Amino acid sequence: MKLSVVILNYNAAAFLELCIYSVLRATKNIDSEIIVADNNSTDGSLEMLASVYGDRIKVIVHEENYGFSKGNNVAVAQAQGNYLCILNPDTLVGEKVFEECLAFAQAEPKSGFIGVQLIDGTGKYLPESKRHVPTPKVARNKIMGNDRGYYFKEIGHNKRGKVDVLVGAFMFCNKRVYDDCGGFDERYFMYGEDIDLSYTALQKGYQNYYIGDQKVIHFKGESTIKDKIYRKRFFGAMGLFYDKYFKQSLLEKKAIALLIDIMIVVKSTQRTPKKRSEDEMTLVIEEENFRLKDVTNHFNLESFREHDTSNSIIIWDVKTISFEDIVDFMSKNLKIKYHFLSPKRDFYIGSDDSATRGEIKYVQ
């Protein structure tokens, strides 16, 4: 088997349903398998998987929430593909992404992990797509809210090249690389494990790469509520990485621990979504004659470009339009709100910015 796509899910049923739909389209011409490992979800995720996808995917049910590292490691242990992609459930992949990653990995035998350009639900580039190794100085600045030196800016968003650290929402590799690196360090429950694994690959002589011309939508924040627990895990992971790889004096350790404690109690960054304007227009972009009940205007993709879109919401009918076309349009039109209609047309999902939780709307 050529490829195993591993998706770790926790209470993201609606987003997972569309994610798998996009993966099935992207692996149509690849000898592959889709493995969904569920971290003891309570939102009907398992029922959805059984009713919508049946035996087209392999489901692994965890008895408890193992967290990101262990949850993925358990699933990867059962993967049969020569190549592996770790993928978040709140992502949508284009039809060519896996083919491009496979071709690149085969052409670069010393490649470690390969990442792509992540964009949020509005089409905006997410800078965590490529990062530097958080050295002690960079880590301290990051903990204090200074991102200088943290993100990898030497390569343009749409370019390809060598980078240090990739993001766990999409990590592609030869499975032997994952095994050689020991998988994700299970001391990280969530956050930081992608930095750790990327750095481990570099230490073992592999080179990580970023393929910026391939884009994946990541509804950042959907799988996580940014409360005090989130902040404790996030900043705690930074401290763990710092302590693991860089020698520190006792004073330095105490200073970092104090900084982490301060950041944990800082006000949460989770924002309440803005209320929608009463004069917003909802547009369904499709290739078939289909309309939602609440649609007020209807244009096809080409005619839509000719209209004022400053106060509009596009609902993509993913059953009739390729994800490649959707991503291309979104990347060039950042001032529009986008939602995605499920193939069964019974709900749609979206995220109006990268700092708020994704939204699910059911069609009456």
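Mind telling me which of the residues 219, 234, 246 ends up being open to solvent by 20 Å² or more (accessible area, probe 1.4 Å), in contact with a Phe, Trp or Tyr (Cβ under 9 Å, 6 or more places away or on another chain) and modelled with pLDDT of 60 or more?
Residue meeting the stated conditions: 234.
List, please: which pairs have Cβ atoms under 7 Å, are six or more places apart or on different chains, and start with a residue in segment 39-58 that is more than 12 Å from residue 20 (Cβ to Cβ) and touching a residue at least 40 places away in the same chain (Cβ under 8 Å) and end with one that is hydrophobic (A, V, I, L, M, F, W, C) and surrounded by 15 or more Cβ atoms within 10 Å (Cβ to Cβ)?
Filtered contacts from segment 39-58: no entries.
For (1) part of a helix (DSSP H, G or I); (2) crowded, with 22+ Cβ neighbours inside 10 Å, each residue gets a yes or a no:
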position: 179; (1), (2): yes, no
position: 187; (1), (2): no, no
position: 190; (1), (2): no, no
position: 194; (1), (2): yes, yes
position: 202; (1), (2): yes, no
position: 205; (1), (2): no, no
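When segment 162-171 is examined, which residues are found to be out of contact with any Phe, Trp or Tyr (no Cβ under 6 Å at 6 or more places or on another chain) and open to solvent by less than 30 Å² (accessible area, probe 1.4 Å)?
165, 167, 168, 169, 170
Can you pull out the residues in segment 30-60 that are aliphatic (A, V, I, L, M) and either part of a loop (DSSP other than H, G, I, E, B) or within 21 Å of the chain's Cα centre (by Cα) (or both)?
30, 34, 35, 36, 37, 46, 48, 49, 57, 59, 60
Applying the selection to segment 61-80, what residues are more than 29 Å from residue 346 (Cβ to Cβ), under 21 Å from the mean Cα position of the chain (by Cα) and in contact (Cβ under 8 Å) with a residue 40 or more places away in the chain?
67, 68, 69, 70, 72, 73, 76, 79
May I ask you to list pairs of residues, at least six apart or on different chains, whose Cβ atoms are under 7 Å apart, with the first in segment 125-138 being hydroxyl-bearing (Ser, Thr, Tyr) and the second being at pLDDT 90 or above and open to solvent by less than 40 Å² (accessible area, probe 1.4 Å)?
Within 7 Å, the pairs are 125/117; 125/119; 129/115; 129/117; 129/118; 129/167; 129/210.
Any residue at all in segment 19-35 that's within 20 Å of residue 361 (Cβ to Cβ), out of contact with any Cys (no Cβ under 8 Å at 6 or more places or on another chain), modelled with pLDDT of 95 or more and open to solvent by 10 Å² or more (accessible area, probe 1.4 Å)?
Yes.
Pick out the one residue from 128, 186, 154, 193 that is more than 29 Å from residue 2 (Cα to Cα) and acidic (Asp, Glu).
Going through 128, 186, 154, 193 in turn, the sole match is 154.
Output yes when any residue across segment 173-188 is more than 25 Å from residue 80 (Cα to Cα) and within 14 Å of the chain's Cα centre (by Cα), and no when none is.
Checked against the condition, which is being more than 25 Å from residue 80 (Cα to Cα) and within 14 Å of the chain's Cα centre (by Cα), segment 173-188 yields no hits at all.
Confirm whether residue 52 is at negative phi, crowded, with 16+ Cβ neighbours inside 10 Å and at pLDDT 95 or above.
In short, yes.
Would you check which residues across segment 70-104 are part of a helix (DSSP H, G or I) and open to solvent by less than 10 Å² (accessible area, probe 1.4 Å) and list them?
Selection gives 71, 72, 75, 76, 97, 98, 101.
The values are calculated or read from the model by the stated rules, or taken from the named source; none is laboratory data. For clarity, every value in this text was computed on a predicted model and none was experimentally measured. Heads up, the Cβs are rebuilt from the backbone with ideal geometry, glycines too, and the neighbour counts pull from every protein chain shown. We work out accessible area using only protein heavy atoms, side chains counted, and drop any ligands, DNA or RNA first. Shrake-Rupley method; radii C 1.70, N 1.55, O 1.52, S 1.80 Å.
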